[in-house]
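Input: a single structure, listed below in structure tokens.
The values are calculated or read from the model by the stated rules, or taken from the named source; none is laboratory data. Because the structure is a prediction, the values reported are computed rather than measured. With ideal geometry, Cβ positions are generated from the backbone for all residues, glycine too; neighbour counts draw on all protein chains shown. These area figures cover heavy atoms from the full protein model, side chains too; ligands, DNA and RNA do not enter into them. Shrake-Rupley method; radii C 1.70, N 1.55, O 1.52, S 1.80 Å.
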Amino acid sequence: MNWLTNVVRPKIRNMLRRETPENLWIKCPDSGQLVFYKDVEANQFVIPGSNYHMRMGAVARLKSIFDNETWFDVALPDVTPDPLKFRDEKKYADRIKDARARTNLNDAIKVGYGKLEGAAVVVAVQDFDFMGGSLGMAAGEAIVRGLELAVEKKSPFIVFAASGGARMQEGILSLMQMPRTTVAVQMLREAKQPYIVVLTNPTTGGVTASYAMLGDVQIAEPGALIGFAGARVIEQTIREKLPEGFQRAEYLKEHGMVDMVVHRHDLRPTLARLCRLLTKSPAPEGASKSTPPVVSPAQIVSAPEVAPAAPHA
């Protein structure tokens, strides 16, 4: 007989019960080792033993890039949340509500404007936790608005891509974001401002087929899955066994589709050096240290103060 459950009164039983957070420990997908969550978080979500790069949220990513962890949150225009009134097992509108509640984001992409080693940059981060980082109308609008802001401020644009592809619940409207973002990238190029893409795990589908592969410099994190169609689909189509490591960052670098594979700990200084090189700017004194930015702590900036209105899809 279990005396704790059968004899002890319910109130006392609740006092004896210990609540353990669900994310207290993380299991490394590569080595299988259990790692304390706080240790992984302090290490920029890189498993200390195996160097496996876990997915990184949008806010954590922006903190790791901007000086003094401060930036302006760029206000983005509203779009129709459910243009097709789509429903499968669940209403699309309900899926968006759940994703917003879980991630505290309005959609899959967050855009910030701030300083990187003293130089102004615009950074867009795709969060895979928001419906797989899928590219919909809101995400496409975020990329376009970020590129417009970079043109207006005459600053480099850096995008961290992480996506499963286009958002099927928006149909053709999601596919329209591919040419829209491509045109916006060309607009930045005509303004002679750098466009740097960081490919994280995973970057696939329509995102890979549009703005994610158009960078002046293509950077990938170690072990990142990068491709258009899945490996199984490709094997079934060509009826051949794919080589080891196919569609991984290191394989793509060897075959010329990625310029460099950079560890997450080295990303910030690497991006700063590239921005200085591409803009022909001199290195500030003590560039390796964090330079306090001019901007105040992260805050919402109204759209007129940041960028001109962009047309909806």
Please determine, by comparing only the residues of the stretch 181-233 that are open to solvent by 40 Å² or more (accessible area, probe 1.4 Å) and among the β-branched types (Val, Ile, Thr), which one is nearest to the chain's Cα centre (by Cα). THR182
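Mind listing whichever residues of the stretch 51-68 are assigned to a helix (DSSP H, G or I) and in contact (Cβ under 8 Å) with a residue 12 or more places away in the chain? Quick ask: steps written out before the conclusion?
Filtering the stretch 51-68 for residues assigned to a helix (DSSP H, G or I) gives 58-65, 67-68.
Listed by number, the residues that qualify are ALA58, VAL59, ALA60, ARG61, LEU62, SER64, ILE65, ASP67, ASN68.
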Determine whether the stretch 178-197 contains at least one residue that is at pLDDT 95 or above, within 22 Å of ARG55 (Cα to Cα) and in contact with a strand residue (DSSP E or B) (Cβ under 8 Å, 6 or more places away or on another chain). yes
Can you confirm whether the stretch 116-126 contains a residue that is buried (at least 18 other Cβ atoms within 10 Å of the Cβ), in contact with an Asp or Glu (Cβ under 7 Å, 6 or more places away or on another chain), modelled with pLDDT of 95 or more and in a strand (DSSP E or B)? yes
In the set VAL35, VAL40, which member is surrounded by 19 or more Cβ atoms within 10 Å (Cβ to Cβ), closer than 18 Å to PHE128 by Cβ and out of contact with any His (no Cβ under 7 Å at 6 or more places or on another chain)? VAL40
